[in-house]
Amino acid sequence: AEMCQRQGVKQRLLVVANRLPVSAVRKGEDSWSLEISAGGLVSALLGVKEFETRWIGWAGVNVPDEIGQEALTKALAEKRCIPVFLDEEIVHQYYNGYCNNILWPLFHYLGLPQEDRLATTRSFQSQFAAYEKANQMFADVVNEHYEEGDVVWCHDYHLMFLPKCLKKYNSNMKVGWFLHTPFPSSEIHRTLPSRSELLHSVLAADLVGFHTYDYARHFVSACTRILGLEGTPDGVEYQGKLTRVAAFPIGIDSERFIRALDLSPVQDHVKDLQERFKGRKVMLGVDRLDMIKGIPQKLLAFEKFLEENVYWRDKVVLLQIAVPTRTDVPEYQKLTSQVHEIVGRINGRFGTLTAVPIHHLDRSLDFHALCALYAVTDVALVTSLRDGMNLVSYEFVACQEKKKGVLILSEFAGAAQSLGAGAILVNPWNITEVADAIGKALNMPSAEREKRHKHNFLHVKSHTAQEWAATFVSELNDTVIEAQLRTRQ
Ligand code: G6P
């Protein structure tokens, strides 16, 4: 990287993730419209100026015809994106199946699917085969676009097989892999039938990163206990080299949120919301509609709070934004109806002709509306059953300089490691504890709120997504240089 900088050229960074940072909508046989999706990873990498970044990922749509593929490839190239085309069957087996019905719940401690064990075993094998195949297709595209000196950064549980495929093509390729979910205890990971294959593949990378020290520790234990390898404080000894394993906690582009609060459309939203909920405290939940987010448990805790606190019944409102996700996976469909049923019951029990205690939306909000919502909130409820990091908690804190509201945060979210001292930490499975935390948050004196907010705000402001990305990539460059020096000695 240094040499590139001295020569005035930027080092190229190939970011490989299942999803591209743009979503594509087909307008005609050969025309596409593209919309940037401003997720955490995108804003993190937009802020990293020292690299020339290219994105490689699944286009998110089925494009069976060559004309469509060519046109989309061309349109994406303008956004520095390179598509991997996956057909419907592969998406079904790899994305809906292996990624989101097996790895995702397992890594969040929800176990393997068990409805019909025999059927599960059969589909498990074909889904794993599709997972390998899809990862190989990603590897082919990376290999085609790779130039010597590039850094290749693979992301998340969708692409655990990728490091090995890439190193097979070129053992000199600099490969990093980062997991955005928790890595579970080795006792959970060892239940996975393909546990060893995945570990071997990830270990082919030069640098392996996680959000927290605990996840890194669990990964190293899985390698030592399941594969019998040697763990060191820096990583895992693997095939005569050291695979570096470390924690890199992600952050957000906090300035983007702070700046947005001064924009007039955001201030207009703020006024509307304040008017609408005058005389009531606002509680907020923003989650993808996913079982790991603990939405039913959160609603039950709110119900218990209302049951026990007659005084608060007409003085508090819970706004729950539940963004639909992975809607082809049956578990997610079941969750949607379960949540609707609970919301209906609570509103039926505690609503009046003019007001309901819960406003539930099954959709996402635009960025301005979201910032306004964060800014008017008195208490945010982030009660995931497990969560890699959870950046909603960061976004809320960034928007609270005026209000200094309270964050109730699950101890099972990665963010509890960084925002724990400012938040009220809860065990989301303990409905009574969460109900009590709601009472404590609503009644908290302003001096204590200020103290807690200050702690979290400083953290969110100083640990940004951009810094996270830059640190990972420079560490990856260093790791490779150190390894080269060691082999020369
Ligand atoms: C999590 C994962 C990401 C994923 C996102 C949205 O944050 O770690 O890799 O992109 O959820 O899920 P989706 O399945 O819609 O990409």
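Things worth noting here:
- Between Ile56 and Val15, Val16, Ala17, Ile82, the built amide H atoms are under 5 Å apart, and every one of these is 5 or more places off in sequence or on another chain.
- Val323 versus Glu115: modelled label distance in nm, points set 7 Å from Cα along the beta carbon direction: 2.7 nm
- Relative intensity, log₁₀ I(q)/I(0), of the range 146-271 from a Debye sum that treats every alpha carbon as a point, q = 0.12, 0.17, 0.21 Å⁻¹: -0.52, -0.82, -1.18
- Computed E for Gln125/Asn170 - FRET, C-beta separation, R0 30 angstrom, nearest 0.05: 0.50
- Beta bridge orientation in the range 160-315: antiparallel %, DSSP, nearest 5: 50 percent
- Using a simple spin-label model with pseudo-atoms 7 Å out from Cα toward Cβ, Asp234 and Leu458 lie 3.3 nm apart.
- Size descriptor, Kirkwood hydrodynamic radius, that averages inverse alpha-carbon separations across the range 281-344, Å: 12.6 Å
- With the simple model of a label 7 Å out from the Cα in the direction of the Cβ, Asn430 to Asp214 spans 1.4 nm.
- Each principal axis of the Cα atoms in the range 21-69 has its own extent, and those three values, largest first, are 37, 17, 15 angstrom.
- Cα Rg, Dmax (largest Cα-Cα span) when computed across the range 162-233, Å: 12.0, 33
- Interchain or long-range residues, amide H under 5 Å from His360's placed H: Gln320
- Residue pairs, from the table Lys334/Lys440; Lys315/Lys461; Lys278/Lys451; Lys298/Lys402; Lys164/Lys298; Lys133/Lys241, whose Cα atoms sit over 30 Å apart: Lys334/Lys440; Lys315/Lys461; Lys164/Lys298
- Each Cα pair under 8 Å and six or more residues apart adds its separation to the average, and for the range 122-184 the resulting relative contact order is 35 percent.
- Average Cα contact separation per residue, the chain, under 8 Å, 6 or more apart, as relative contact order %: 15 percent
- With helices as the sole contributors, the chain gives -14000 deg cm²/dmol at 222 nm; each DSSP H run of n ≥ 4 counts as -39500 (n - 2.57), and the sum is divided by every residue.
- Positive-end residue, the chain charge dipole about Cα centroid, Cβ charges, pick of Val61, Phe305, Phe51: Phe305
- Annotation: the antiparallel percentage among DSSP beta bridges lying fully within the chain is about 20.
- With respect to the chain, whose longest principal axis is taken over its alpha-carbon atoms, helix 367-376 is tilted by about 40°.
- Rounded tilt (10° steps) of 264-276 against the dominant C-alpha axis of the chain: 40 degrees
- Evaluated at q = 0.12, 0.14, 0.25 Å⁻¹, the base-10 log of the normalised Debye intensity for the range 103-171, with identical point scatterers placed on the Cα atoms, takes the values -0.43, -0.55, -1.11.
- Packing-based ranking of 310-321, 163-174 yields 163-174, 310-321, ordered from highest to lowest mean Cβ neighbour count within 10 Å.
- Degrees between helix 330-350 axis and first principal axis of the chain (Cα, 0 to 90, nearest 10): 10 degrees
- Given R0 = 30 Å, the distance between the Cβ atoms of Ser337 and Arg26 translates into a calculated FRET efficiency of 0.45.
- Each Lys and Arg contributes +1 and each Asp and Glu -1, all at the Cβ; summed about the Cα centre of the chain, the dipole is approximately 1160 debye.
- Average silhouette area of the chain, convex hull of alpha-carbon atoms, in square nanometres: 24.9 nm²
- Extension gain for Glu50 to Thr191 (0.36 nm times residue separation, less C-alpha to C-alpha distance): 46.6 nm.
- Computed with the Debye formula from one identical point scatterer per Cα of the range 347-484, without solvent, the log10 of I(q)/I(0) at q = 0.09 Å⁻¹ comes to -0.35.
- Among the chymotrypsin sites (Phe, Trp or Tyr not before Pro) in the range 1-109, those located in a DSSP loop and surrounded by at most 16 other Cβ atoms within 10 Å of their own Cβ are Tyr109.
No value in this document is a laboratory result; all are computed from the given coordinates. Just so it is clear, the model here is predicted, and its values are computed rather than measured. Note that we place each Cβ from the backbone using ideal geometry, even for glycine, and neighbour counts take in every protein chain shown.
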